[in-house]
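One structure is given here, and the rest of the page talks about it.
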Amino acid sequence: MKLFTHNMLTSKMIKNVKVGYPLKLNAAEVKVTPSEFRSTYVSRMLPKIDWGVLYEATQSIGHAEAIPSSISDDYEKNEDFLRKAHHALFEIEVINGEMICPETGRKFPIKDGIPNMLVNEDEVN
Amino acid sequence: MSSARRPEHIAPPDIFYNEEEARKYTQNTRIMEIQSEMATRCIELLEIPDEESRLILDIGCGSGLSGECLDDDGHTWVGMDISQSMLSVALEREVEGDLLLADMGEGLPFRAGTFDYAISVSALQWLCNKDKTVHNPIQRLIRFFTSLYAVLNTGGRAVFQFYPADENQKSLIMAQATRAGFNGGVLIDFPESKKKMKLYLVLTVGSTVSHSMPDALSDAPASTVSYAKRQSNHQRNKNDLRNRTAPKFSREWILEKKERRRRQGKNVRSDTKYTARKRADRF
Ligand SMILES: C[S@@+](CC[C@H](N)C(=O)[O-])C[C@H]1O[C@@H](n2cnc3c(N)ncnc32)[C@H](O)[C@@H]1O
């Protein structure tokens, strides 16, 4: 699971969960896979990203140095910043670990890089 | 509809798509070709306005065949599927997309406005099943469509190739999509041929302006210009596939494709000795 996916995931399908975001991230195994940097793509992606949540995620999985704590205002022109964002969003992958619903404590295991978001039919609305 | 037993009537999807079934999606070229063709058509029906890469959700992504078609067009995708075996095959194929084990009938686990577009190939009819006594198909359909409506941006679109069992099932699906707020309808390609006929549910978000459906494909004599144009596009895509030098889905074929994408400056995973290995090679 790449961190951009973690940035999008919620547990709001669970009954009585209001926001279900962000999911707390615990990683047992993390892998970095280099991928081609495309500045326009990263720029277009950033408005969708909750930067604070991305920053927290990098902290919680041992990549504290990956990105600055706040988003740069002129990021479209700041290649150094965009490269860091690209690295954090698309290159750092959680291979094994878990995510935890902030409201119910429900755990979602991550195995072989795939989060298991399945819940029981009686847990959903 | 053929008289053969439908997979949806044999077992629930997470059971039906076991290792043996999943293996067909790397070894049976016929299945792979059909699935890729339908995925390509779904992407075409998204009618994405510019050449830019988009973030696309693939619902019931299976082994990642449809995802590879998205890669070909330079898009980034997230795939979800209820079958661990199908996702394992996707991992083996080293697909570019991020994968999730999730049941669309439980609602999509994403923040609002995450995706611009969604596709789904041969998966939607599974929601009409009552695989567990606690399952209520209407409830699962409405949960799914309501959450899909929320995770798509305004102006977004979702295209599903699907196999409804009958007219009732088709209307049931459409009714729930409408209830969730979508506009759209069902497009039928090759309606004149029982064998070639394919159904696509095309759903849009937010366009209250009467939205016109894309044209269907047909082998019957052309009636409009736009039909002829689409047909030739489709034909061209097919020819592209045929002109590839390496046999489709072989290791060489995947490597060639990755190379082409690298040249286009796209995100591509590095090749490993596992690229396109078959499951049978593993012990
Ligand atoms: C015929 S396969 C097609 C796979 C892939 N889209 C392709 O074209 O190669 C149907 C897929 O839908 C998945 N599916 C069925 N019900 C589902 C559900 N409720 N949630 C998510 N995926 C589901 C199955 O596990 C299976 O992988």
Checklist entry - Tally Lys/Arg at +1 and Asp/Glu at -1 over every other residue whose Cβ is under 12 Å from the Cβ of B:Ile10; what's the total? => result -1
Next on the checklist: If I ignore ligands, DNA and RNA and count only protein heavy atoms, how much of B:Lys132 is accessible to a 1.4 Å probe, in Å² to the nearest 10?
Outcome noted: 110
Checklist entry - Could you give the angle, 0 to 90 degrees to the nearest 10, between helix A:51-60's Cα long axis and the longest principal axis of the Cα atoms of chain A? => result 80
Checklist entry - Considering only the other residues whose Cβ falls under 11 Å of the Cβ of B:Gln176, what net charge follows from Lys and Arg at +1 and Asp and Glu at -1? => result +3
Checklist outcome for this item: Buried by partner chains in the range A:88-125 (accessible area down by at least 10 Å² vs chain alone, 1.4 Å probe, heavy atoms, protein only) are A:Phe90, A:Glu93, A:Asp112, A:Ile114, A:Pro115, A:Asn116, A:Met117, A:Leu118, A:Val119, A:Glu121, A:Val124, A:Asn125
Item to check | Relative contact order of the range A:3-103, defined on C-alpha pairs under 8 angstrom at six or more residues apart (%) | outcome: 46
Checklist entry - Cα centroids of the range B:21-43 and the range A:66-125: how far apart, whole angstrom? => result 30
Checklist outcome for this item: For B:Lys198, the aspartates and glutamates lying under 16 Å Cα to Cα, once residues fewer than eight places off in the same chain are dropped, come out as B:Glu33, B:Glu37, B:Glu44, B:Asp166, B:Glu167, B:Asp189, B:Asp215, B:Asp219
Checklist outcome for this item: Rounded to the nearest 10 Å², the 1.4 Å probe accessible area of B:Cys61 is 10
Checklist entry - Looking at this model, which pairs from A:Lys48/B:Lys24; A:Lys15/B:Lys170; A:Lys111/B:Lys130; A:Lys12/A:Lys77; A:Lys24/A:Lys48; B:Lys24/B:Lys196 are more than 26 angstrom apart at the alpha-carbon? => result A:Lys48/B:Lys24; A:Lys15/B:Lys170; A:Lys111/B:Lys130; A:Lys12/A:Lys77
Next on the checklist: Using a 10 Å cut-off around each Cβ of peptide A:37-50, what is the average number of partner chain Cβ atoms that fall inside?
Outcome noted: 3
Checklist entry - Could you state the number of Å between the C-alpha centres of the range B:170-199 and the range A:29-46? => result 36
Item to check | Relative contact order (%) - criterion: Cα under 8 Å, at least six apart; region: the range B:1-156 | outcome: 24
Checklist outcome for this item: Simple SL model, points at 7 angstrom along Cα→Cβ for A:Ile100 and B:Ile138; separation in nm is 4.0
Item to check | For the range B:1-155: Kirkwood Rh in Å [reciprocal of mean 1/r, alpha carbons] | outcome: 16.0
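The values are calculated or read from the model by the stated rules, or taken from the named source; none is laboratory data. Values in this document were obtained by computation on a predicted structure and should not be read as measured data. Methodologically, a virtual Cβ is constructed for each residue, glycine included, from the backbone with ideal geometry; neighbour enumeration extends over all protein chains shown. Note: areas computed on protein heavy atoms with side chains; ligands, DNA, RNA excluded. Shrake-Rupley method; radii C 1.70, N 1.55, O 1.52, S 1.80 Å.
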